[in-house]
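The values are calculated or read from the model by the stated rules, or taken from the named source; none is laboratory data. This one's a predicted model, so the numbers in the text were calculated from it and none came from an experiment. Because the Cβ atoms are built from the backbone with ideal geometry, glycine has one as well, and the counts that use them run over all protein chains shown. Protein only, heavy atoms only, side chains kept; ligands, DNA and RNA dropped before computing areas. Shrake-Rupley method; radii C 1.70, N 1.55, O 1.52, S 1.80 Å.
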Amino acid sequence: MKRPLSPFEQELVNAMDEYAHRAVPPPFNATRIVARERQRVRVRLSIAAVCVATAAGIASCVATSVPGNGNKGLPVVGNTNTPVSVTASPTPGSSTASASPASSGGGAVGGKVSAGPAGTVPIWPTGATSSPFAGSVPPVPEVTSIRVGAHPEGGYDRISLEFTGQAPGFRAGYVAQVIRQGSGAPVSLPGAAFLQLTFSSAQAHDDNGNPTLNPSPTNPVSVSFPELRSYVLNGDFEGTVSVALGLAAQDGFHVSELTKSPTDHVIYVDIARAH
């Protein structure tokens, strides 16, 4: 199959055909024809170059504007692009990772936070702190996971609780004795000091009464980190969830909130390794 003639070739064929059938040579200018064809080629090459450059520029813009570029899979703290690390947790019966902000000094609730260089112990208050529930029920926020993490680079240990729906209100403070919410029965929790976390409105079960934590840590879970030694779900009663922490000492702590989406919230507590 023959290929189609180019405009230049077709014009030459037409000119030669006209020349062959006329007694007087036609007034065509071969030099002008060649120059015109070369101009067409230059225009096509210029258009192709512009297209290639434009495509490269668009690709570059897309690559640099992707949210979280270079930090794929990492969550975002405080609705910024600050990357966070993920620390594996060896605790049986708990999830295996906990979100950690790049700086241990930001986002505290209920008190001023001070932290030194990496590897030093942060200076946090030991007094109770709280934040009220700002939403409305139903639906009641449900706790769906509890994660723990050791952070030697920041000088603290962490426990984080994830909630679906809305972010609950909370209170965190030291207590002399851990008891079961509702019954008042004492809980034997490993540790020398006890930090009680209370979340409301919140629940650790779904509308059918099934636990939303699997497994549900209603019995103490040993952690054996330098500061965080254990934790227990010591209450899920009348819209209030209670989680108690067994610690090495009554050291400073701070509470922060992370909003992963409008229906996915994390409240985490960092406890300084001040011993």
Matching option when the condition is on the phi < 0 side of the Ramachandran plot, under 27 Å from the mean Cα position of the chain (by Cα) and modelled with pLDDT under 95, among Asn208, Asn214 = Asn214
From the set of residues in segment 224-238 that are at pLDDT 95 or above and either of a type in the set (S, T, N, Q) or part of a loop (DSSP other than H, G, I, E, B) (or both), which is nearest to Val178 (Cα to Cα)?
-> Asn234
For segment 240-259, does any single residue satisfy the condition of being at pLDDT below 95, among the hydroxyl-bearing types (Ser, Thr, Tyr) and within 21 Å of Gly191 (Cβ to Cβ)?
-> no
How many residues, within segment 124-149, are among the small types (Gly, Ala, Ser) and at pLDDT 95 or above?
-> 6
Take the residues of segment 210-238 that are more than 20 Å from Ser130 (Cα to Cα) and of a type in the set (Gly, Ala, Ser): which is surrounded by the most Cβ atoms within 10 Å (Cβ to Cβ)?
-> Ser230
Of the residues in segment 188-204, how many are more than 16 Å from Ala167 (Cα to Cα) and surrounded by 17 or more Cβ atoms within 10 Å (Cβ to Cβ)?
-> 6
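Would it be correct to say that Asp207 is surrounded by fewer than 20 Cβ atoms within 10 Å (Cβ to Cβ) and not hydroxyl-bearing (Ser, Thr, Tyr)? Quick ask: steps written out before the conclusion?
Working: surrounded by fewer than 20 Cβ atoms within 10 Å (Cβ to Cβ): yes; not hydroxyl-bearing (Ser, Thr, Tyr): yes.
So Asp207 fits the description; yes.
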Test Ala118 against the stated conditions and say whether it is outside any strand (DSSP E or B), modelled with pLDDT under 60, hydrophobic (A, V, I, L, M, F, W, C) and open to solvent by 50 Å² or more (accessible area, probe 1.4 Å).
-> yes
Name the pairs whose Cβ atoms lie under 7 Å apart, with the first residue in segment 243-259 and of a type in the set (D, E, K, R), the second open to solvent by less than 10 Å² (accessible area, probe 1.4 Å), and 6 or more positions between them or separate chains?
-> Asp251/Glu227; Asp251/Ile271; Asp251/Ala272; Glu257/Ile267
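The rows are residues; the columns are (1) in a loop (DSSP other than H, G, I, E, B); (2) open to solvent by 50 Å² or more (accessible area, probe 1.4 Å); (3) more than 13 Å from His265 (Cα to Cα).
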position	(1), (2), (3)
Val137	yes, yes, yes
Arg147	no, yes, yes
Ile159	no, no, yes
Glu162	no, no, no
For segment 156-183, how many residues meet the condition of being more than 22 Å from the chain's Cα centre (by Cα) and modelled with pLDDT under 95?
-> 3
Boolean, Ala167 is assigned to a loop (DSSP other than H, G, I, E, B), of a type outside the set (Ser, Thr, Tyr) and open to solvent by less than 50 Å² (accessible area, probe 1.4 Å) = yes
Matching option when the condition is open to solvent by 30 Å² or more (accessible area, probe 1.4 Å), outside any strand (DSSP E or B), over 15 Å from Arg147 (Cα atoms) and in contact with an Asp or Glu (Cβ under 9 Å, 6 or more places away or on another chain), among Gln181, Gln250 = Gln181
